[in-house]
1. Of the conditions (1) crowded, with 22+ Cβ neighbours inside 10 Å; (2) closer than 24 Å to B:A271 by Cβ, B:V539 clears all except one; give me its number.
2. Among the numbered conditions (1) away from chain B (no Cβ under 11 Å); (2) touching a strand residue (DSSP E or B) at 6+ places or on another chain (Cβ under 7 Å), tell me where A:C91 comes up short.
3. Keeping to the range B:266-308, report how many residues are in contact with a Pro (Cβ under 6 Å, 6 or more places away or on another chain) and either surrounded by fewer than 18 Cβ atoms within 10 Å (Cβ to Cβ) or aliphatic (A, V, I, L, M) (or both).
4. With the requirement that a residue be at pLDDT 95 or above and either of a type in the set (V, I, T) or in contact with a helix residue (DSSP H, G or I) (Cβ under 6 Å, 6 or more places away or on another chain) (or both), what does the range B:490-503 give you?
5. Checking B:I624 against (1) in a helix (DSSP H, G or I); (2) closer than 20 Å to B:N547 by Cα: exactly one of these is not met. Which one?
6. Filter the range A:238-257 down to residues that are surrounded by fewer than 20 Cβ atoms within 10 Å (Cβ to Cβ), in contact (Cβ under 8 Å) with a residue 60 or more places away in the chain and more than 30 Å from A:T87 (Cβ to Cβ) and give me whichever is nearest to the other protein chains (Cβ to nearest Cβ).
7. If you go through the range B:288-345 one residue at a time, how many are part of a helix (DSSP H, G or I) and modelled with pLDDT of 95 or more?
8. Does B:I617 fit the bill of being of a type outside the set (F, W, Y), in contact with a strand residue (DSSP E or B) (Cβ under 9 Å, 6 or more places away or on another chain) and modelled with pLDDT under 95?
2 protein chains.
Amino acid sequence: MFEDKKIDRPTLEALLTNRFFFVPSFSIYGGVAGLYDYGPIGSALQQNLINLWRQHFVVEEDMLEMDGAIITPAEVLKTSGHVEKFTDFMCKDEVTLEVFRADHLVEAVLEARLESNKLARELSEKLNVSEEKANVSADGKKKKAAANKPTLLEDSVVAEYNEILAKIDNYDMKELGDIIVKYEVRNPATGNKVTPPVEFNLMFDSSIGPTGNLKGYLRPETAQSQFVNFSRLLEFNNQKMPFASAMVGKSFRNEISPRSGLLRVREFMMAEIEHYVDPLNKNHHKFSEVAHIKLNLLPANVQQSGSTKITVMTIGEAVSQKVIDNETLGYFLGRIFLFLEKIGIDNERLRFRQHMSNEMAHYACDCWDAEIHNSYGWIECIGCADRSAYDLTVHSKRTKEKLCVRENLETPIVYDALVCNLNKKLFGPKFRQNAKAIQDKLESLTQDELALVKEGLESNGKYNLEMSSGVHELTTELLSVDLQTFKENVREYTPNVIEPSFGLGRILYSLIEHSYYTRMESESRSVFRFNPLIAPFKVLVLPLLKNAAFRPILTQIARSLRSMGVPARVDDAASASIGRRYSRNDELGIPFAITVDYQSIESGLITLRERDTTTQIQADIKVILDLVVKLVNGSETWENIIKTHPVIETSAE
Amino acid sequence: MFEDKKIDRPTLEALLTNRFFFVPSFSIYGGVAGLYDYGPIGSALQQNLINLWRQHFVVEEDMLEMDGAIITPAEVLKTSGHVEKFTDFMCKDEVTLEVFRADHLVEAVLEARLESNKLARELSEKLNVSEEKANVSADGKKKKAAANKPTLLEDSVVAEYNEILAKIDNYDMKELGDIIVKYEVRNPATGNKVTPPVEFNLMFDSSIGPTGNLKGYLRPETAQSQFVNFSRLLEFNNQKMPFASAMVGKSFRNEISPRSGLLRVREFMMAEIEHYVDPLNKNHHKFSEVAHIKLNLLPANVQQSGSTKITVMTIGEAVSQKVIDNETLGYFLGRIFLFLEKIGIDNERLRFRQHMSNEMAHYACDCWDAEIHNSYGWIECIGCADRSAYDLTVHSKRTKEKLCVRENLETPIVYDALVCNLNKKLFGPKFRQNAKAIQDKLESLTQDELALVKEGLESNGKYNLEMSSGVHELTTELLSVDLQTFKENVREYTPNVIEPSFGLGRILYSLIEHSYYTRMESESRSVFRFNPLIAPFKVLVLPLLKNAAFRPILTQIARSLRSMGVPARVDDAASASIGRRYSRNDELGIPFAITVDYQSIESGLITLRERDTTTQIQADIKVILDLVVKLVNGSETWENIIKTHPVIETSAE
């Protein structure tokens, strides 16, 4: 079903730079890896993407949007686990001290060896020479081979390499270090050995205020700001569950060695939704609206069997067959699909890949990535995880602030439970400084553990409680464990969080690739087929040729469009032909062009050209402007228009 | 003309917190001074403000918007002057080490003394007791006065204090230190002495990448990203001048001791325009469109005479009388005025204050602040400065990249100029290691300086060139200075930059105050009169009372509105009366409310209520929804609607 669409990336990249879609930041200062500036086209694309996202999710789903601080005190990120665990492994060239991300280095070196092996085999087949097995050494590299001569690998080594590459995201520090030693991974540029991997935290740190005592980080995600405000959000929602908060903004990761253009950067725009849901009921009231949508799914079990075969399935089937864990998760996958379709992502190059159990955070109970295919391969652009109650629980524990929902029960819950009843008169004097700790320990015991204590006390008259402070003997004089009946009118619970998290830069870049094509007539005429909702400029306004007489009409048209909120670009350069000007604005993805010529002055007629078909119609200024507004806000289509407005003949562009 | 509108700030602040307009960030962790999280209302207000700004400036004025990196390498900010000069002065309590911003401490202490003096005088007048002059000491404080008893000051001391307060923004480090010593300024909380002021740089710093060798800062403004991309922007604009770039985004200042809520924060949303203009022609082609607008001006010369009297003047008059330096500056002041009017700022509480010469950066040639009055006083919300060619010049010098405009001249410029002609054969051997430096020095001489060299050589046969390396004797054998004729077909110049810079948080807070009022019937019924363009939710949808029968209609109305891009809030809480629900949503500034009752089920009639008049009309669902969309996009007004739709009687709210 999916056909790999080749793109000439160097040509595309040159175009994106020349037309200022985006460029490395501070390039006149030599640039900084992983930082990009979006020019007029890139920033308008980004803004339109955000506006559509807001309409599709925040407005239509009635989410509570926030804008939280970027600078985050260390304490918050210690609780969330980022200070300890948000790390990559790095190693250095032992001589030049050049820094590498360890997994990327292993990947690059092994892939190069496999590539070299492939070439060598092709070569040897051509020469009809048998494999020189004798020359292949234990480490898998052909000895004495000239530096740039393809190298043969044993079949077993090829298999080992492929297995390592398949698991490359999942190795810990020691495993990566062992691989580097075992397979003699070195800096490809110098041939030098590299140091064993060490952990590097990916957060940018800084100091808040003038004392230097308050450490802060630039947020690595927007989620934590939402979690710490949970109680206010719930209050704003009049205590009603379920609901979602949302945030759009920049986040930061101090990548070890950024690469792949916009796909791996140090500063990025993200949009995150935190949907809070009752852990006992993850159904969604609008599920029926997405149940019929067919998705390209790549479930975990398929991947575990070593395959990447797509299963096409409706969301309804996937949830009922438990391929997708619950309705809410399924609902969001459906909404994500509709969003990507609306902005212009090619459906055939979109798949939803489930995380395998070893990929997921320990607290997550299901996670699906929306992966979009582009010239870098299948790229994770949106993660959609069920994070369970993890985040709210840890912040609540750390701050002693309740982050939970209190639900009034129509029918009270009545249940029996074991409780400890202490004889406080004896308990305190007996255990002295340990008394408080022992009491806390007893209160933290589960019902099963309490049952053991009860049994011990009742059958032996005592129970030995093991704690770090030693073994404490509990006797029947000190306490009893009794079954009591409880009645609750309020149910208190910590919501689970389902989190769709969008990397807008990755989506943007994929959209650029999916929108890029060249005209049949000429490979050098590049076009972006951005739809009118996403296109940076909606209308190009241009005179047939440079002539002062056209100026008043051009100005009038451009100003009318702009005052109606339609971004318009005027191109009246004397030096360029009309065809050249159409063409250089096709490179900006402008969907419509209005051309002014002598007829416009004489009879008020102007022409309107559609970018992809290059067909044109002619009508009065007012008529054309009305049509343009409808085309731009999506209430009219070009196909429809040319049914009632005859296409006119024009000279070849 | 301007009447001071008192606001009960504690009540307002409680409301803003309770309804989650904005709150201190990470408040469950104790909060961080100067960081705020915007909740659903605050973030929607901010977003609507940005959207209107973009439409008013970027789209209507055809500006080139960018989105640049926040993390900025140190080198860029060294060049711009921020590393050296972007500082405040701080001092510490000698005992507790509490940190103060020095000018704020002086200000607070002297203001407290003046206040105390005022109270003491009132008291003494009341008691008809003559001033106890004998008890007033040289430092201006009444000795032996009980701690909380008002203190009398000499008239001369009052005058000194007032003079210091008037100049408080302009003292350097040494002057502030002298004032602290001379007037015995201490920490008011402890009575301890404070350390002499030291400089503190206001930028947050961090380290880019894993090596620790690349220092970076969080940008203190968005301007530098625009300047370093000047050549790309000019190219995107097809080399046409003048034009403007623009950027909206967060900037950061590590304030010593943030205060005043949203007015002085460490992380803030700003919007900046850099308008590039020919230094020889600062006229603006749309100036006539704003020339008639009357502004409240506070020119520099009025302030220098010690007055704050407003001059009301049209922009046309102000520019022709040179009160405002040039048309482009005047044009932007006019557009700023129109923008603030559109969002709902009270014109009478807006003034444009010109910077006095000692306030302006050395390179600026004119600067006006749009100041908005709120309960904190007159607050600078928008700066509009003519920064001359400073920024482009320094970046160009540092990077050796040309940041200039090349203009083809229709008539070439022909001119004569003096140039040095060296006899290189003799020059090098004569000056050896100094030769290059001397040659550079000669090339850097102005025409006047060259004329002196020429005169010396021609009348004395020699000229003594003074340099740091010593005095070098130049003779006629070594060089001659000659008049040559030059012809230029291209004029190359560095544009001047006019920079309107908007502090969106300050504008937002002022707008909140200007929009806040309480109902005549009850002081406790707070309302925000946000206009439909700026209001976070546009429509409240509610049932007359809680009844499952209303649910389908409520859902249908809310969904229709949301799908048309109209944010709608549903309030169907069982526990609250209709009046209570109107009232609590007036606190969110929702301009319109749609109420569903039994008639809606029977005959499809719903009512539409306008927030400020509380008048209501009744009509069919479809009619009401059409009206709402028009009201929200600004194509219809309530006054108009009630002319054709009779206002209905309702029970008291």
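1. Just one mismatch for B:V539, condition (2).
2. All conditions pass for A:C91, except number (1).
3. Total meeting the criteria: 2.
4. B:T494, B:V497, B:I498, B:P500
5. Only one criterion is unmet by B:I624, namely (2).
6. A:Q239
7. Counting residues in the range B:288-345 that are part of a helix (DSSP H, G or I) and modelled with pLDDT of 95 or more gives 25.
8. Here the answer is no, as B:I617 does not meet what is asked.
The values are calculated or read from the model by the stated rules, or taken from the named source; none is laboratory data. This one's a predicted model, so the numbers in the text were calculated from it and none came from an experiment. Ideal geometry is used to build each Cβ from the backbone, glycine not excepted, and the neighbour counts take in all protein chains shown.
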